[in-house]
Amino acid sequence: MVAQLPPQDLCWIFLALPYATTSGGLRGKACLVSWCPDALARATFKETVRVKTSSVLFGAALAKRATRDGAIRIEAQDLDDLGLESVLERVSRFERDAIDHSSLACLL
């Protein structure tokens, strides 16, 4: 997924992340990713600000619906924000048990 992100454009991705906990429970979490790269640039500063502002406004409408349905919102400005460890840290906030990292081999 990360390789497909446009370096100079906005993108919203809705994905299902399967994982297992250390107690053996199988879980899955829906995630809404809002991609607005820090390096985004347009011909003028004004146009760059307009595009980034539209990202916030449109993303807020999507996030409102998605989080109401139980999805986790992830705002990403660079690839580090979408690293597996970073995403799992966000997902595991809602788990009682730790995430079994050996169960994630199929995602890599």
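The numbers here are math on the coordinates, done by the rules we state, and not lab data. This is a predicted model, so every value here is computed, not measured. In this analysis, Cβ positions are derived from the backbone assuming ideal geometry, glycine residues included, and neighbour counts consider all displayed protein chains.
Mind telling me which of 22, 44, 67 comes out most flexible in a GNM of the chain, alpha-carbon contacts under 10 Å?
Top of the fluctuation ranking is 44.
Let's see if you can work this out: charge +1 on each Lys and Arg Cβ, -1 on each Asp and Glu Cβ, no other charges. What is the dipole magnitude of the range 12-71 about its Cα centre, in debye to the nearest 20?
I would put it at about 160 debye.
Report, in deg cm²/dmol and to the nearest 500, the calculated mean residue ellipticity at 222 nm for the chain, where each DSSP H run with n ≥ 4 adds -39500 (n - 2.57) and the sum is divided by the residue count.
Helices in the chain give a 222 nm mean residue ellipticity of -10000 deg cm²/dmol.
When 1/r is averaged over all different Cα pairs and the result inverted, which Kirkwood radius in Å belongs to the range 2-99?
It works out to 14.6 Å.
Can you tell me the 0 to 90 degree angle between the C-alpha axis of helix 45-68 and the longest principal axis of the chain, rounded to 10?
That helix lies at roughly 30 degrees to the long axis.
Starting from 0.36 nm per residue, how many nanometres of slack lie between residue 79 and residue 102 once their C-alpha separation is accounted for?
Taking 0.36 nm per residue and subtracting the Cα distance, the gain is 6.0 nm.
Label-point separation (nm) for residue 26 and residue 1, each offset 7 Å from Cα along Cα-to-Cβ?
Reported label-point gap for residue 26 and residue 1 is 1.9 nm.
About its Cα centre, how strong a charge dipole does the chain have in debye, to the nearest 20, once Lys and Arg get +1 and Asp and Glu get -1 at the Cβ?
Once rounded to the nearest 20, the dipole reads 560 debye.
Excluding residue 48 itself, calculate the net charge of residues whose Cβ lies under 15 Å from the Cβ of residue 48, where each Lys or Arg counts +1 and each Asp or Glu counts -1.
+1
Which GluC sites (Glu not before Pro) does the range 5-108 hold that lie in a coil by DSSP with at most 16 other beta carbons within 10 Å?
Sparse-neighbourhood loop GluC sites (Glu not before Pro): 95.
So, in nm, how far is label residue 67 from label residue 11 when the simple model puts each one 7 Å beyond its Cα toward the Cβ?
2.3 nm
What does the net charge come to around residue 81 if you take all other residues with beta carbon closer than 14 Å to its beta carbon, with K and R at +1 and D and E at -1?
Counting the neighbours of residue 81, the net charge comes to -4.
Give me, ordered by chain and number, the residues 5 or more places off residue 75 or on other chains with an amide H under 5 Å from its own placed amide H.
Amide H neighbours of residue 75, under 5 Å, 5+ apart: 34.
Using only the Cα atoms of the range 49-108, build the gyration tensor, take square roots of its eigenvalues as a ≥ b ≥ c, and label the shape rounded, prolate or oblate: rounded if a/c is under 1.5, else prolate if a/b is larger than b/c, else oblate.
oblate
Using a 10 angstrom cutoff on alpha carbons, build the Gaussian network for the chain and name the most mobile of 66, 76, 43.
In the Gaussian network model the winner is 43.
Which one, 83, 28, 62, projects farthest toward the positive side of the charge dipole computed for the range 2-99 from Cβ point charges (K/R +1, D/E -1)?
Farthest along the dipole direction, towards plus: 62.
Quickly work out the residue 60-to-residue 94 label distance, labels modelled 7 Å from Cα along the C-beta direction, and quote it in nm with one decimal.
2.2 nm
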